[in-house]
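Notes follow once the structure below has been shown.
Each reported figure results from applying straightforward, stated rules to the coordinates on display, with no laboratory input. Here the structure is a predicted model, which is why all the values come from computation and not from measurement. Glycine also receives a Cβ, built like all others from the backbone with ideal geometry; neighbour counts cover every protein chain displayed.
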Amino acid sequence: MASAAMVKAESVCKSFGRLEVLRGIDLEVAPKEVMCIIGPSGSGKSTFLRCINHLEKIDAGRLSVDGELVGYRQRGDRLFELADSEVCRKRSEIGMVFQRFNLFPHMTALENVIEAPIHVKRESRATASARARQLLERVGLAEKVNAYPNQLSGGQQQRVAIARALAMQPKLMLFDEPTSALDPELVGEVLDAIRALAEDGMTMIVVTHEMGFAREVGDTLVFMDGGVIVEAGKPRDVLANPQHERTKSFLSKVL
Amino acid sequence: MTDIASGPPSSDSGRRPEAIKAIPVRHPWRWVSAVVVLAIAGDVSYTIIDAVQRDPTTFGPGWTMVGTWLTKPLILGGVLATLELTVLAMLIGILLGVLLAVMRLSPNPVTSTVSWLYIWFFRGTPVLVQIFFWFNLNAVVRHIGVGVPPDGPWLFAVGTNQLISSFIAVTLGLGLNEAAYMAEIVRAGIISVEHGQTEAAQALGMNRLLVMRRIILPQAMRVIVPPTGNETISMLKTTSLAVIAAYPELFTRSEQVSNVYFAVIEMAIVASIWYLAMTTVLTIGQYYIERYFARGAQRELPPTPLQRFRRMLFTFHSPPPTVPDVIVMPSVHR
């Protein structure tokens with residue numbers, strides 16, 4: 001069972017200088033599971049997400065994706081750092097969507113989506129474009145393929161960003177507060193796109209402040225605070241019946 | 001309530017108040033300053049025109065000489081040589097500058113230190129001295145090649161004097177010096193690109209080189225291009241330092257002519273006219289290059305001078321339209 005986990009974290013620790021951001025995170029995400037992570041800002045949610053695709057290096061503990069350690073290779077009882085090319089190959093199998101979209105502003109929506117398939121996976125332009133158009137259509141942007149990011153609304157930009165991540169055919173998707181930079185009326189369209197992905201059976205970790213979404217789409221809900229997991233369980237249970245004081249006080253402020 | 005919905009009362013055609021007719025404020029000092037400026041400009045131009053006109057040392061009137069020499073093949077050849085030097089030196093400067101900037105920002109301490117030392121040295125010594133150095137390289141090394149210095153045996157070698165012509169000396173001097181400045185310009189461009197761009201690209205599995213080439217540099221161009229245009233214009237004039245190595249570009253040639261005919265001012269005017277003409281063309285070119293790299297950064301491209309001129313003609317007699325015409329961004333094919 002343990003080896004079947006898509007993501008497995010065992011007492012993961014991470015510090016920035018003297019600031020301890022993660023202080024022993026243990027969790028498991030099964031294939032096709034949707035895990036939502038909530039918690040106050042500074043609780044380490046985003047940092048943990050960034051550790052999973054090695055944008056941040058962990059200091060202690062073990063973190064593995066699909067049975068392979070993140071950033072290291074183990075031989076006997078010694079760890080070897082992975083070469084850049086290995087890190088890149090592993091990152092290409094994990095999709096990530098950012099709070100601030102981070103679309104490439106000098107490329108059209110289509111060019112944004114086909115960039116990595118062409119240059120990282122060495123797909124032909126025709127193959128990549130065909131799939132990119134399908135993906136953009138799927139997130140409802142068939143008409144916007146030739147638009148530049150600054151000609152799109154925030155919600156449209158974020159949906160392009162989702163299509164861009166999906167174009168690499170990832171086995172895991174990470175969402176870092178995907179709706180936090182959006183106007184309230186644009187949040188729904190992005191959540192709909194993520195919900196559709198969940199229905200297709202994508203394994204996902206979603207850091208979010210949208211409790212309704214977490215309850216409805218998430219299989220598990222994790223509440224983090226101060227670099228540790230305070231509480232985890234079925235979203236309905238955690239939201240309706242929190243066990244810890246800290247969870248209760250957080251939920252009473254956001255619900 | 002009703003006021004908000006109905007808008008300003010002036011829309012009611014019958015009650016429009018009379019337009020204001022007031023006597024404008026007088027600006028006497030504008031007229032005074034204009035007169036002073038005209039007087040000074042007139043005096044200076046008259047002095048130059050007159051001096052050139054009655055210069056007794058030239059054959060015939062000085063202005064005839066300016067007119068004649070402006071289009072002589074000797075000078076035109078110099079113009080070409082100046083352009084050639086500018087293009088080559090900027091090419092070396094830009095390519096080496098990008099390389100140095102990327103090296104400078106590399107996590108590898110060896111490459112970043114090498115880059116730092118290069119910039120420190122080449123930015124810290126005068127370009128004139130550098131050209132002089134390359135031109136006199138023969139005094140330092142007699143042979144350039146692969147072997148055991150200083151006297152061989154050589155696996156392969158060329159005499160320094162055969163290899164370093166005055167053309168090579170000037171091109172190297174200008175290009176290597178420019179690279180140090182371009183490196184700083186490119187570095188500024190690279191660090192101006194938001195860090196989220198690097199992260200997004202890395203998250204897609206792109207390696208460092210790919211991120212730099214496909215994502216960072218194209219966006220850095222918007223910051224890099226204006227000062228590079230400035231550098232090119234500056235370079236066009238700095239090529240005149242080639243006179244130290246006797247390379248026959250525009251200034252060297254006009255110098256030679258002026259020495260023969262004792263026509264210093266005339267030939268300086270000839271050279272200046274050509275330098276001005278070339279920098280003017282470069283200025284216009286720079287505008288269009290900047291416009292190209294603005295795509296994706298502005299919702300609509302700024303109008304070209306021609307478009308602006310045309311719009312001005314149409315709106316000359318009537319107030320400008322409240323909604324500016326939108327210029328459709330050309331789709332970019334690669």
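Per-structure values
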| read-out | value |
| --- | --- |
| For A:Gly24, distant residues with modelled amide H under 5 Å away | A:Val12, A:Cys13, A:Lys14 |
| Charge tally in the Cβ shell below 9 Å around B:Ala101, where Lys, Arg are +1 and Asp, Glu are -1, B:Ala101 excluded | +1 |
| Nonlocal amide H pairs with A:Asp225, under 5 Å, H built at 1.01 Å | A:Val230 |
| For A:Lys8, net neighbour charge (Lys/Arg +1, Asp/Glu -1) across residues whose Cβ lies under 15 Å away | -3 |
| Cα convex hull of chain A - mean projected area over all directions, nm² | 14.5 |
| Residues of type lysines that A:Lys253 reaches as a straight line, Cα spacing below 22 Å, ignoring anything fewer than 8 places off in the same chain | A:Lys45, A:Lys234 |
| Kirkwood Rh and Cα Rg combined as Rg over Rh, evaluated for region B:182-277 | 1.31 |
| Residue mean of other protein chain beta carbons inside 10 Å, A:68-76 | 0 |
| Environment charge at A:Ala240 (Cβ cut-off 10 Å; Lys +1, Arg +1, Asp -1, Glu -1) | +2 |
| Cross-link partners of A:Lys90 among aspartates and glutamates (Cα-Cα below 18 Å; sequence separation of 8 or more within a chain) | A:Glu56, A:Asp66, A:Glu68, A:Glu81, A:Glu115, A:Glu123, B:Glu199 |
| Rg and Dmax of the protein assembly as shown, Cα atoms only, in Å | 33.5, 105 |
| 16 Å Cα-Cα reach of B:Lys72 towards aspartates and glutamates, excluding residues that sit fewer than 8 places from it in its own chain | B:Glu249, B:Glu255, B:Glu266 |
| Counting all C-alpha pairs of region B:113-185, share separated by more than 16 Å (%) | 56 |
| Principal axis box of region A:66-165, alpha-carbon based, largest edge first, Å | 54, 30, 23 |
| Sorted by Cβ density within 10 Å, fewest first, the residues B:Leu204, B:Leu100, B:Leu176, B:Leu306 | B:Leu306, B:Leu176, B:Leu100, B:Leu204 |
| Sites B:Leu76 and A:Gln243 - FRET efficiency at Förster radius 56 Å, r taken between beta-carbons, to 0.05 | 0.05 |
| Average beta carbon contacts from partner chains per residue of A:90-100, 10 Å cutoff | 3 |
| Exercise: per-residue mean of other protein chain Cβ atoms within 10 Å, A:50-59 | 1 |
| Exposure proxy ranking, count of Cβ atoms within 10 Å, fewest first, for B:Trp63, B:Trp134, B:Trp120 | B:Trp120, B:Trp63, B:Trp134 |
| Mean Cβ neighbour count within 10 Å, used as a protection proxy, ranking A:134-146, B:154-166, B:80-92 highest first | B:80-92, A:134-146, B:154-166 |
| Farthest toward positive dipole pole in the protein assembly as shown [+1 Lys/Arg, -1 Asp/Glu at C-beta], among B:Phe251, A:Leu172, B:Gly229 | B:Phe251 |
| C-alpha center-to-center spacing [region B:226-287, region A:157-218] in angstrom | 60 |
| Among A:7-19, B:182-194, the order from most to least packed when residues are scored by Cβ within 10 Å on average | B:182-194, A:7-19 |
| Compactness of region A:49-97 - radius of gyration and Dmax, Cα, Å | 10.5, 35 |
| Region A:1-108: Rg to Rh, with Rh as the Kirkwood radius over Cα pairs | 0.97 |
| Per-residue [θ]222 nm for chain A (sum of -39500 (n - 2.57) over DSSP H runs n ≥ 4, rounded to 500) | -11000 deg cm²/dmol |
| Inverse of mean 1/r across different Cα pairs in region A:137-255, Kirkwood, Å | 15.6 |
